[in-house]
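First the structure, in the form of structure tokens, and then the observations on it.
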Amino acid sequence: MSGLVSAKTTPNATPQHISFPQNDSRIHKNGYETPSPLLKRTPSPSIAKPKIKPSKKTLQELRTHESSLDNLDLGPFLLKLAIDTVASGDNQNKALDYATRASISFEESSGPGLDLAMSLQVEAAIHCSLGRLEDAIPVLERSIEVLDHEKGQDHAVAKFSGFMQLGDTYSMMGRVDRSISSYESGLKIQIETLGDFDLRVTETCRYLAEAYVQAMQFDDAEKLCQRSLEIHREYDSPTSLEEAGDRRLMALIYEAKGDYESALEHLVLASMVMIAAGQENEVAAIDVSIGNVYAALCRFDEAIFSYQKALTVFKSIRGDNHSTIAPVYIRLADVYCKTGKLRESKSYCENALRILSKQVPGIATEEIASGLTEISAIYQALNENEEALKLLHMAMKLLKDTPGQRNMVAGIEAHMGVMFYKVGRYGEARNSFKDAVAKLRASGKTRSVFFGIVLNQMGLASAQLYRIDEAVELFQEAREILEQECGPCHLDTIGVYSNLAATYDAMGSYLFGFIITSNQRKFCIGF
């Protein structure tokens, strides 16, 4: 933890500290979550990025003024019209109208049941395709309510589908906690219906494990992934591609937990399966992951060799400007930066920027923004702060202020805040941290280590601006979070203790400062 000048008023005040995010983890890089390519899920065909301005009509208003909807044939007819309209790419608002009227017709004619649940799930999917995520939630909740999974497998499958669709919707809204809760409910129903060791359970286990990884709940993710591997051992051959996928996810979990040797073991086993299956592209992707582990172990020569292997394969299969090339350039730039080969590092950064700036088809906006942020961190390490800030501003412009992207935007804003703080631009630093805190609160991530660190950093900026009361409140909240999430002896928690003591000292509250410092010493010594 790097020590910076404290906002002290007396010569003996306790120095304050600022926490810089670690750069050796792909899961929590540069102050925001950077999911592995393994965690990128294929969206439902009925869910696309919002392109049409949402209607101001509420769900209740859409369901009024309907008549003659108790006809038993009308519901299936309207539902087919809705599905055909979606498939043809015609006006999605018209498709939503058909699906809504179909749901009302099923409700009136046959009441709760499978038909109504299916119609409601189609209706919710269209809401999502129009960007009306909030409207989709009550529709999906209703589709789950009208089913009873004890009435047979058809009901159970439909209810499972409803929970998974609800989880996907919450995920797009950035509500990871609610998303995980929905996936857990879906998995429970699936296990009750199919049994503990059905192969179909492994896919859901992997899906939920990926969600746990994104929420930094690595122990829960490891348990689920281990369960999936046990099912594969029971039914699959040792060369199962699905099992190889589980091993790659397990490696990612071990890497995030700092168990690099175990991560390397799983990656090597997964690579052997992919080589046997002739999956060159997947082998190259695993080589990148192996390079990440070697880099974390400071085995830089082996890391460079793995990255170069992957780069050769990607170029031969996909060409020099494919979206998969830029992340490998960034990894190489990072390793060369750490080994002091600054010219090579900057050269690879420029190669990556050349690809990202072209916005090649197939590269998602989030991927470009993530790449720009990682390159910014390398430029910062090269002491090119203005270029680093420029790249962060570019990343911010690419991202829209949508619920699903708020966590990433908050991470970039927090990183910008750190950079502003380092160069003494405390007002801009405080504003960046304030915006990041607001977005993290809105997304429900108020009990995470990252949130505690951002609060601590905002407190530092406030103290430098002589907003002492505000700084105390921020440090207090950060202390509560970090004590719970990290424990009282963790370096981040101890840093907050020091900042809080120094701030009380600056206020002239020597007694409070003494108590905080004494508690800090007690925790560290182990009394």
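The values are calculated or read from the model by the stated rules, or taken from the named source; none is laboratory data. From a predicted model like this one, the values you see are computed outputs, not experimental measurements. Positions of Cβ are generated from backbone atoms using ideal geometry, with glycine treated the same way; all protein chains shown enter the neighbour counts. Each accessible area value is taken on the protein alone, full model and side chains, heavy atoms only, with ligands, DNA and RNA left out. Shrake-Rupley method; radii C 1.70, N 1.55, O 1.52, S 1.80 Å.
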Q) For the stretch 116-145, how many residues are at pLDDT below 90 and over 29 Å from the mean Cα position of the chain (by Cα)? A) 0
Q) Taking into account only those residues within the stretch 391-431 that are closer than 18 Å to residue 365 by Cβ and basic (Lys, Arg), which is surrounded by the fewest Cβ atoms within 10 Å (Cβ to Cβ)? A) 397
Q | Of all residues making up the stretch 149-160, the number that are surrounded by fewer than 19 Cβ atoms within 10 Å (Cβ to Cβ) and at pLDDT 90 or above | A | 1
**Q.** Filter result for residue 175 (modelled with pLDDT under 90, over 25 Å from residue 240 (Cα atoms) and open to solvent by 30 Å² or more (accessible area, probe 1.4 Å))
**A.** yes
Q | Candidate set: the stretch 285-300, residues that are open to solvent by less than 10 Å² (accessible area, probe 1.4 Å) and of a type in the set (A, V, I, L, M, F, W, C); chosen: the one farthest from residue 258 (Cα to Cα) | A | 286
**Q.** Yes/no for residue 275 being over 24 Å from the mean Cα position of the chain (by Cα), of a type in the set (A, V, I, L, M) and either within 27 Å of residue 446 (Cα to Cα) or surrounded by 20 or more Cβ atoms within 10 Å (Cβ to Cβ) (or both)
**A.** no
Q: Report yes if residue 269 is open to solvent by 60 Å² or more (accessible area, probe 1.4 Å), touching a Lys or Arg at 6+ places or on another chain (Cβ under 9 Å), aliphatic (A, V, I, L, M) and farther than 23 Å from residue 367 by Cβ, otherwise no.
A: yes
Q: Starting from the stretch 306-328, keep only residues that are surrounded by 14 or more Cβ atoms within 10 Å (Cβ to Cβ), then list their pairs with residues that are assigned to a helix (DSSP H, G or I) and basic (Lys, Arg) whose Cβ atoms are within a distance under 6 Å, requiring at least 6 positions of separation or different chains.
A: 307/331
Q. Take the residues of the stretch 434-478 that are outside any helix (DSSP H, G or I) and within 22 Å of residue 171 (Cβ to Cβ): which is most open to solvent (accessible area, probe 1.4 Å)?
A. 447
Q) Exactly one of (1) open to solvent by less than 60 Å² (accessible area, probe 1.4 Å); (2) over 30 Å from residue 429 (Cα atoms) is unmet by residue 370. Its number? A) (2)
(Q) residue 405 - would you say it is within 24 Å of residue 134 (Cα to Cα), in a helix (DSSP H, G or I) and among the polar types (S, T, N, Q)? (A) yes
Q. Are any of the residues in the stretch 243-253 buried (at least 18 other Cβ atoms within 10 Å of the Cβ), in contact (Cβ under 8 Å) with a residue 40 or more places away in the chain and over 29 Å from residue 230 (Cβ atoms)?
A. no
